[in-house]
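This structure is in structure tokens; I'll ask about it shortly.
The values are calculated or read from the model by the stated rules, or taken from the named source; none is laboratory data. In this text the structure is predicted, and so the values were computed from the model without any measurement. Every residue, glycine among them, receives a Cβ derived from its backbone with ideal geometry; neighbour counts consider all protein chains shown.
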Amino acid sequence: MRILFKGNKAFTLIEIMLVVIIIAALAAMVVPRLVGRSEQAKVSVAKSDINSQLATALKLYELDNGTFPSTEQGLAALKKKPSTTPEARNWNGPYIEKDPIDPWGSPYVYTSPGKKRPDYDLSSLGGDKSNSGDDINNWEE
């Protein structure tokens with residue numbers, strides 16, 4: 001059986017099946033290597049947010065206002081000027097563009113002054129959304 005295309009060029013059914021088998025074999029080798037990579041990518045994004053982006057925004061806030069946002073003000077103070085104490089007299093934000101949400105869809109956990117560090121504690125509860133071994137934070141390497 002021949003499958004005809006423009007002109008007299010054609011592929012046999014066996015040739016088409018051979019191409020499909022080769023593609024399936026390649027997919028069978030590649031797909032297992034990619035499984036689990038999305039979770040690793042989420043961990044990398046959370047670490048970057050905690051140790052770079054949010055850390056920089058918090059330092060800029062502290063530089064402008066003399067203190068870090070309180071635990072009650074939270075990370076929302078980086079996006080909108082807080083109206084509670086301590087007053088942010090020299091607020092020059094927004095210091096971040098988007099809401100501080102971790103890659104799993106939960107807000108980052110912020111405490112100031114920190115219990116683990118003197119300035120602030122910042123963490124993500126990870127994929128299980130509970131305090132456990134997969135948490136990402138700014139006080140452990």
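So residue 89 passes all but one of these: (1) touching a residue at least 24 places away in the same chain (Cβ under 8 Å); (2) at positive phi. Which condition number does it fail?
(2)
So residue 47 passes all but one of these: (1) in contact with a strand residue (DSSP E or B) (Cβ under 7 Å, 6 or more places away or on another chain); (2) outside any helix (DSSP H, G or I); (3) modelled with pLDDT of 90 or more. Which condition number does it fail?
Checking residue 47 against (1) in contact with a strand residue (DSSP E or B) (Cβ under 7 Å, 6 or more places away or on another chain); (2) outside any helix (DSSP H, G or I); (3) modelled with pLDDT of 90 or more, the one that fails is (2).
In contact with a strand residue (DSSP E or B) (Cβ under 8 Å, 6 or more places away or on another chain) and in contact (Cβ under 8 Å) with a residue 24 or more places away in the chain, is that true of residue 78? Show your work before the answer.
On the way: in contact with a strand residue (DSSP E or B) (Cβ under 8 Å, 6 or more places away or on another chain): no; in contact (Cβ under 8 Å) with a residue 24 or more places away in the chain: yes.
Here the answer is no, as residue 78 does not meet what is asked.
Provide a single number: the residues in segment 88-129 that are aliphatic (A, V, I, L, M) and in a loop (DSSP other than H, G, I, E, B).
Keep residues of segment 88-129 that are aliphatic (A, V, I, L, M), which gives 88, 96, 101, 109, 122, 125.
Next, only the ones that are in a loop (DSSP other than H, G, I, E, B) stay: 88, 96, 125.
Selection size over segment 88-129: 3.
Moving on to the next point. Could you please let me know if residue 123 is modelled with pLDDT under 90 and under 29 Å from residue 39 (Cβ atoms)? Don't jump to the end; show me each part of the working.
Details: modelled with pLDDT under 90: no; under 29 Å from residue 39 (Cβ atoms): yes.
No.
Continuing with the same structure: For segment 92-106, name all the residues that are more than 18 Å from residue 52 (Cβ to Cβ) and either in contact (Cβ under 8 Å) with a residue 24 or more places away in the chain or among the aromatic types (Phe, Trp, Tyr) (or both). Show your work before the answer.
First, the residues of segment 92-106 that are more than 18 Å from residue 52 (Cβ to Cβ): 92, 104-106.
92, 104, listed by residue number.
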